[in-house]
Amino acid sequence: MTERSLVAELEARVRARPLPRHVAIIMDGNGRWAEARDLPRVAGHREGAEAVRAVTRAARRVGIQALTLYAFSTENWARPEPEVGALMHLLAEFLESERGEMMRNGIRLNAIGDLDRLPPEVREKLDSVRAETRANPGMTLTLALSYGGRQELVQAARRAAAAKGDALEAEDLEAGLWTAGLPELDLLVRTSGERRISNFLLWQCAYAELVFADVLWPDFRDAELFAAIAEYQARERRFGMTGAQVTGGRE
Ligand code: FPP
C-alpha cells in the first residue's frame with residue numbers, strides 16, 4: 001500500500017467516528033528539527049509554517065469546527081531578537097499567503113493573546129484577515145499569539161470580579177476567556193515528545209484528552225493529525241462519571 005493510500009484509509013477511519021469539535025496543538029520541535037539538519041533554527045520555523053498550512057487544510061477537510069495553534073507564547077518574547085523577528089515575519093507572510101485559501105475554504109481566522117504586543121505590520125495583517133474572514137461559516141482557525149494561559153485567566157478573573165464580585169461563578173470567568181464562543185476543547189496535541197502543557201489553555205484543558213506525539217512539528221502532516229484524532233476516538237471520556245454511566249451500562 002502506498003503512503004498516500006495509507007493516509008486516505010486513516011482519514012476514512014477518522015471520518016467514520018465522532019470527531020473532536022475543537023483541537024488545539026502545541027507545535028513543538030522546530031529548533032530541534034533544524035539543528036538535526038545543521039540548519040539555522042529559523043529553517044525549522046519555516047518548515048513549521050508548512051506544517052501549519054497542511055494541518056489546517058486537513059482539519060478543515062474532515063470537518064473539525066475549531067483548530068487552535070500555539071504559535072507564539074508570552075515566554076517566547078525572551079528568545080534572541082533575530083529569532084523573534086523571523087517568527088513575526090513568517091506570521092505576516094502566512095497571513096498574506098493564506099488569505100485567499102481561507103476565503104475559498106470558508107475558514108474564519110481568530111487570534112487570542114496579548115495582541116497589542118505584536119509588531120504593527122503583523123497586527124495590521126491580522127486585523128485585516130480577521131475582518132475579511134469574519135463571516136466564514138467553516139472552521140475557526142485560532143492563532144495563539146503572545147499567549148499565556150495564566151495571563152488569560154488573570155484578565156478573565158479581573159473582568160468577572162468587576163462585574164460580579166464575590167458572587168462570580170465558573171461561567172462568569174469562562175465568559176471572559178479569550179476563547180469564549182469557541183466549542184469546548186476536546187483534544188490537545190503536543191509534538192516533539194515533550195509532555196507538558198506549558199501555560200497553554202489551562203482552563204480549557206480541564207476535560208480535554210491529551211495526546212503526545214513524538215514527531216517534531218515540521219514533520220507533522222495529515223497522517224499525524226489523523227493518528228492523533230484516532231487516538232482521541234479510542235479513548236473513553238468520562239467527565240468524572242463511571243465507565244458504566246457513560247456507556248449506558250454496556251461495560
Ligand atoms: C516551537 O518550536 C515552536 C515555536 C516557538 C513557534 C511556532 C511557529 C511556527 C510553527 C511557524 C509560524 C507560525 C505560523 C502560524 C505560520 P521550538 O523552537 O521551541 O523548538 P525546540 O524545542 O526544538 O527548540
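The values are calculated or read from the model by the stated rules, or taken from the named source; none is laboratory data. Note that this is a predicted model, so its numbers are computed, not measured. Glycine also receives a Cβ, built like all others from the backbone with ideal geometry; neighbour counts cover every protein chain displayed.
Scanning the stretch 201-218 for residues that are more than 16 Å from the ligand (Cβ to nearest atom), of a type in the set (D, E, K, R), closer than 30 Å to residue 157 by Cβ and at pLDDT 95 or above turns up at least one hit. Would you confirm, using the coordinates I've provided, whether residue 215 is in contact (Cβ under 8 Å) with a residue 24 or more places away in the chain, β-branched (Val, Ile, Thr) and part of a strand (DSSP E or B)? So residue 215 does not fit the description; no. In the stretch 171-199, which residue that is free of Cβ contacts under 8 Å to residues at least 60 places away in the same chain and not in a loop (DSSP other than H, G, I, E, B) is surrounded by the fewest Cβ atoms within 10 Å (Cβ to Cβ)? Checked the stretch 171-199; the qualifying residue surrounded by the fewest Cβ atoms within 10 Å (Cβ to Cβ) is 171. Scanning the stretch 35-44 for residues that are more than 8 Å from the ligand (Cβ to nearest atom) and either of a type in the set (Ser, Thr, Tyr) or in a helix (DSSP H, G or I) (or both) gives 42, 43.
Determine whether residue 112 is more than 10 Å from the ligand (Cβ to nearest atom) and under 30 Å from residue 13 (Cα atoms). No.
Any chance the stretch 78-96 includes a residue that's among the aliphatic types (A, V, I, L, M), in contact with a Leu (Cβ under 8 Å, 6 or more places away or on another chain), surrounded by 20 or more Cβ atoms within 10 Å (Cβ to Cβ) and part of a helix (DSSP H, G or I)? Yes - at least one qualifying residue is present in the stretch 78-96.
For the condition more than 9 Å from the ligand (Cβ to nearest atom), touching a residue at least 40 places away in the same chain (Cβ under 8 Å), of a type in the set (D, E, K, R) and in a loop (DSSP other than H, G, I, E, B), residue 17 qualifies. Kindly check whether there is at least one residue in the stretch 47-69 that is of a type in the set (Ser, Thr, Tyr), within 8 Å of the ligand (Cβ to nearest atom) and modelled with pLDDT of 95 or more. For the stretch 47-69, residues of a type in the set (Ser, Thr, Tyr), within 8 Å of the ligand (Cβ to nearest atom) and modelled with pLDDT of 95 or more: absent. The listed residues are 100, 106, and the only one of them that is small (Gly, Ala, Ser), away from the ligand (no atom under 12 Å from the Cβ) and either in contact (Cβ under 8 Å) with a residue 12 or more places away in the chain or in contact with a strand residue (DSSP E or B) (Cβ under 7 Å, 6 or more places away or on another chain) (or both) turns out to be 106.
Could you run through the stretch 224-242 and say how many residues are touching a strand residue (DSSP E or B) at 6+ places or on another chain (Cβ under 6 Å) and part of a loop (DSSP other than H, G, I, E, B)? Of the residues in the stretch 224-242, 1 are touching a strand residue (DSSP E or B) at 6+ places or on another chain (Cβ under 6 Å) and part of a loop (DSSP other than H, G, I, E, B).
Just for the stretch 129-155: of the residues that are free of Cβ contacts under 8 Å to residues at least 24 places away in the same chain and not β-branched (Val, Ile, Thr), which one is surrounded by the most Cβ atoms within 10 Å (Cβ to Cβ)? If we take residues in the stretch 129-155 being free of Cβ contacts under 8 Å to residues at least 24 places away in the same chain and not β-branched (Val, Ile, Thr), then 130 is surrounded by the most Cβ atoms within 10 Å (Cβ to Cβ).
Cβ separations smaller than 7 Å between residues 6+ apart or across chains give the following pairs from the stretch 230-244 residues that are without any contact (Cβ under 8 Å) to a residue 40 or more places away in the chain to residues that are exposed (fewer than 13 other Cβ atoms within 10 Å of the Cβ) and part of a helix (DSSP H, G or I): 236/243; 239/207. All conditions but one from (1) acidic (Asp, Glu); (2) closer than 30 Å to residue 18 by Cβ; (3) in contact with a helix residue (DSSP H, G or I) (Cβ under 8 Å, 6 or more places away or on another chain) apply to residue 194; the one that does not is (3). Answer with yes or no whether residue 49 is without any contact (Cβ under 8 Å) to a residue 24 or more places away in the chain and crowded, with 18+ Cβ neighbours inside 10 Å. Here the answer is no, as residue 49 does not meet what is asked. In the set (1) on the phi > 0 side of the Ramachandran plot; (2) surrounded by 16 or more Cβ atoms within 10 Å (Cβ to Cβ), residue 165 fails one condition alone, (2).
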